[in-house]
There are 2 protein chains.
Amino acid sequence: MLAQAIEKYQQRVDNVLRNKLAELDDSAPELKAAMSHGALLGGKRIRPFMVYSIGEMLGADLALLDNAAAAIECIHAYSLIHDDLPAMDDDALRRGKPTVHIAFDEATAILAGDALQTLAFELICQPNDNISAQQQLAMVTALAKASGYSGMCGGQAIDLSSTDQRINLEQLTQLHNKKTGALISCAAELALIAANASQKEQQIIREFAANIGLAFQVQDDILDITSSTEELGKPQGSDEEANKSTFPRLLGLQGANECAEQLINDALSALANLTYNSQLIADFARYIIARRL
Amino acid sequence: MLAQAIEKYQQRVDNVLRNKLAELDDSAPELKAAMSHGALLGGKRIRPFMVYSIGEMLGADLALLDNAAAAIECIHAYSLIHDDLPAMDDDALRRGKPTVHIAFDEATAILAGDALQTLAFELICQPNDNISAQQQLAMVTALAKASGYSGMCGGQAIDLSSTDQRINLEQLTQLHNKKTGALISCAAELALIAANASQKEQQIIREFAANIGLAFQVQDDILDITSSTEELGKPQGSDEEANKSTFPRLLGLQGANECAEQLINDALSALANLTYNSQLIADFARYIIARRL
C-alpha cells in the first residue's frame with residue numbers, strides 16, 4: 001500500500017511539474033531544458049509525498065495540494081542543482097544521470113536553479129478558488145522561511161564551513177535540521193495550512209515531521225557508506241571522501257542505526273495522539289529508515 | 001529636488017535592508033556577511049526609488065512600501081551576485097568594490113544569491129495590518145513573474161546565448177525587456193498594488209515603466225563605451241570585450257542616444273494623462289538618460 005501511494009503521488013507531482021514547465025514559452029530553450037532536467041530527474045519525491053499524504057489524511061482535497069507539492073519539489077530541485085556545482089559539492093552524477101552543469105553548462109545550471117526557486121513561489125500563488133489568499137500567503141511564508149538563511153541555505157553554508165572541521169553531535173544535528181529538516185518540516189506545514197488543521201494537529205504533525213526529517217538524514221549518511229554506487233546513483237563514500245562530518249562518524253554505524261530508529265519511534269509516538277487514520281504516514285516513517293536508496 | 005528624493009529613498013531602503021539582515025541569527029556568519037555585502041554595496045536603488053516615488057504619488061503610505069522596495073532590491077542584488085560569477089560574466093569589480101565571490105568565495109556567493117532571492121519573498125509576506133493578503137499575494141506573483149523564466153532569469157539566459165552572435169534590434173529589445181525591463185516594470189507594479197490603483201492609472205504607469213526600463217538599458221550600453229572605469233565602478237568597455245550585442249553597436253552612438261531620448265519622451269507623454277502631480281517621476285525619467293553612472 002505504501003509503495004502504491006508513493007508511486008501515485010510521485011506521478012501526480014511529476015505531472016504537475018511537467019505541465020507547468022511545458023507552459024513556459026520557448027524564448028530561452030536551453031534554460032527551459034535545464035530546468036526540466038533538474039526538476040524531472042526522478043527521485044523519491046519525499047517532500048511532495050508528505051504534502052499529499054498528510055494533507056489528504058487531514059481532509060484536504062488533492063487538487064488543493066498540487067501546487068504546494070510541486071513548489072516544494074522545485075525548491076528541492078534547485079538546491080540539488082546548485083549543491084552539485086563545481087564550487088559546491090562538485091558532483092557529476094545525480095540519480096544515475098549527469099547533473100545539470102554537466103548536461104548543460106555551469107552558467108545555465110546557476111540560472112536553472114535560480115528560476116526553479118522563483119517558480120516555486122509562483123506556483124504557490126496560482127489562483128485557486130478553494131484556497132484563501134491568507135492560506136497561500138502563509139504557504140509562501142513557510143516556504144521562504146524553510147528555504148532561506150534560517151533554513152536550507154543557512155544549513156548548506158554551515159555544512160560547507162564544517163567540512164574538514166570536527167563538529168559535535170549537537171552541531172551536526174543543528175546543521176541537518178536546517179539543511180534538510182527545514183524543508184521536510186515545511187512539506188508537513190504546507191499540508192497543515194491547506195487543511196486548516198487545528199492547533200493540536202499542527203503540534204503533532206510538526207513533531208512527527210521534525211523526527212522524520214532528521215531520521216532521513218541519518219539514514220542518508222548510513223547509506224553513503226553501506227550502499228553501492230549503483231544503488232545510490234551517485235559515488236558511494238562521497239561524504240567520507242569530502243571529509244564531511246556524518247552521523248556514523250560521530251556515533252559509529254550501529255549508533256547511527258539506533259539513533260535513526262529512535263527518531264522514527266518518536267515520530268510514531270507522536271501520531272498516537274492523532275484522531276485520523278495515520279497508517280500510511282506511519283508506514284512512510286518506517287520506510288525512511290528501511291530504504292536502500 | 002530629484003537628488004534629494006533619490007537620497008531619501010536610498011537611505012530608507014538601505015535602512016530596511018540593514019535592519020532585516022541584522023535580524024538574521026549568527027548561525028552562518030560568512031553567508032550573512034556575504035548577503036550583506038551584496039545587498040548593501042550601494043548603488044542608485046533605481047527600483048526602490050520607483051516603488052517609493054510612484055507609490056507615494058498615488059497616495060500609498062511609505063511604510064506600506066518598505067518591504068516591497070527592499071524585496072525588489074534583494075532580487076536585483078541576488079541577480080548581480082550570480083551574474084558576476086566566473087561561470088557567468090566573471091566580474092571582479094562592482095560599484096568599485098570586490099564582487100561577492102571575490103570578497104568571499106564562489107560557493108558562498110551562490111548561496112548568498114539564493115538566500116537573497118528567498119529573502120525577497122519573505123519580505124513581501126511580512127505581516128502588515130494596512131495591506132491585505134490579496135495585495136501581498138499579488139505582489140509575490142508580480143515579483144515571481146518578473147524574476148523567473150519569463151523575466152529576468154530568462155533574459156539573462158538569452159543574453160548568455162546571444163554572446164558572440166549577431167542579433168537584431170527586435171531580439172536585443174526583447175532580451176532587455178526581460179533581463180532588466182521586467183524588474184523595473186515590477187517596481188512600478190508593486191507600487192500600483194500597494195496603492196490600489198485604478199485600471200487607468202495602471203495602464204499609464206505600466207507604459208511609463210516599460211519605456212523607462214528599456215531607456216535605462218540603452219543608456220547603460222552607451223555609458224559602457226563613453227564613461228571611464230572610475231565613473232562606472234567596473235571595467236569600461238566590458239560589453240565590447242565580451243563581444244555582446246548592444247544598442248550602440250546596432251544603432252551607432254548617435255542612434256542609441258536618439259533611441260533613449262525617444263523612449264523617455266514616450267514615458268513622459270504617458271504621464272500627461274495622469275491626474276496626480278508627476279513632477280518627481282518625470283524628473284526621474286529625464287535623469288535615466290542624463291546620468292553618467
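Each reported figure results from applying straightforward, stated rules to the coordinates on display, with no laboratory input. In this text the structure is predicted, and so the values were computed from the model without any measurement. Neighbour counts run over all protein chains shown; Cβ positions are idealised from the backbone, glycine included.
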With θ taken as phi - 60° and the coefficients 6.51, -1.76 and 1.60, list the Karplus ³J(HN,Hα) couplings across the stretch B:56-61 in order, rounded to whole Hz; mark glycine and proline as x. 5, 4, 7, x, 7, 5
Working only with C-alpha atoms, what are the Rg and Dmax values of the stretch A:119-276, expressed in angstrom? 17.5, 52
10 Å Cβ neighbours from other chains, averaged over peptide B:84-90: 4
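Report the charge-dipole magnitude of the protein assembly as shown in Debye, nearest 20, computed about the Cα centre from +1 at each Lys and Arg Cβ and -1 at each Asp and Glu Cβ. Write down the numbers at each step before the final one.
Working: 46 positive and 76 negative charges, 192 e Å.
With Lys and Arg at +1 and Asp and Glu at -1, about 920 debye.
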So for the stretch A:33-82, what are the equivalent ellipsoid semi-axes in whole Å, largest first, each being the square root of 5 times an eigenvalue of the Cα gyration tensor? 23, 10, 8
List the pairs from A:Lys32/B:Lys200; A:Lys244/B:Lys179; A:Lys179/A:Lys200 whose alpha-carbon separation is above 30 Å, in the order I gave them. A:Lys32/B:Lys200; A:Lys244/B:Lys179
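Could you grab the Rg to Rh ratio for chain B? Cα atoms only, Kirkwood for Rh.
Checking Rg against Rh, the ratio lands at 0.95.
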State, to one decimal in nm, how far the label point of A:Arg206 lies from the label point of B:Leu40, with both points 7 Å from Cα in the Cβ direction. 3.1
Equivalent ellipsoid semi-axes - Cα gyration tensor, the protein assembly as shown, angstrom: 42, 27, 21
Take B:Lys8 and B:Ala33, extend 7 Å from each Cα along the Cα→Cβ direction, and tell me the distance between the two endpoints in nm. 3.7
Step through the table entries A:Lys145/B:Lys97; A:Lys20/B:Lys44; A:Lys178/B:Lys178; B:Lys20/B:Lys97, compare each Cα-Cα distance with 26 Å, and write down the pairs that go over it. A:Lys145/B:Lys97; A:Lys20/B:Lys44; A:Lys178/B:Lys178
Nm distances between the label at A:Tyr276 and the same-position labels in the remaining copies, 7 Å along Cα→Cβ, shortest first? 4.5
How are the Cα pair distances of the stretch A:104-152 distributed, in percent, across 10 Å bins from 0? 23, 42, 26, 9, 0
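Please report, to one decimal in angstroms, the Kirkwood hydrodynamic radius of the stretch A:49-126 built from all distinct Cα-Cα pairs. Before the final figure, lay out the partial values.
Numbers: mean 1/r = 0.0738 Å⁻¹.
Kirkwood radius, the stretch A:49-126: 13.5 Å.
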Within the set A:Ser79, A:Ser269, A:Ser198, GNM on chain A using Cα springs under 10 Å gives the largest fluctuation to A:Ser198
Can you list residues whose amide H is under 5 Å from A:Arg94's amide H, if they're 5+ apart or on another chain and H is modeled 1.01 Å from N? A:Thr99
Using alpha carbons only, how many angstrom separate the centre of the stretch B:4-26 from the centre of the stretch B:144-178? 30
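According to the Kirkwood expression over distinct Cα-Cα pairs, how big is the hydrodynamic radius of the stretch B:1-132, in Å? Mind showing how you got there, number by number?
Working: mean 1/r = 0.0658 Å⁻¹.
Every distinct Cα pair counted, the radius reaches 15.2 Å.
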Residue by residue through the stretch B:251-256, what is 3J(HN,Hα) from phi via Karplus (6.51 cos²θ - 1.76 cosθ + 1.60, θ = phi - 60°)? Round to whole Hz and write x for glycine and proline. 10, x, 5, 5, x, 5
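By how many nm would the segment from A:Asn277 to A:Ala63 lengthen if fully extended, with 0.36 nm per residue of separation less the alpha-carbon distance? List each step's numbers first, then the result.
Working: separation 214, 0.36 × 214 = 77.04 nm, distance 2.04 nm.
Value of the extension gain: 75.0 nm.
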Expected vector for the stretch B:112-126, Karplus 3J(HN,Hα) from phi with 6.51, -1.76, 1.60 and θ = phi - 60°, integer Hz, x for Gly and Pro, equals 5, x, 4, 6, 6, 4, 4, 4, 4, 5, 5, 4, 4, 8, 3
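In chain B, which longest range has no trypsin sites (Lys or Arg not before Pro) that are both DSSP loop (not H, G, I, E or B) and surrounded by at most 11 other Cβ atoms within 10 Å? Walk me through the numbers on the way to the answer.
On the way: sites that count: B:Arg166, B:Arg292.
Longest gap between qualifying sites, sites excluded: B:1-165.
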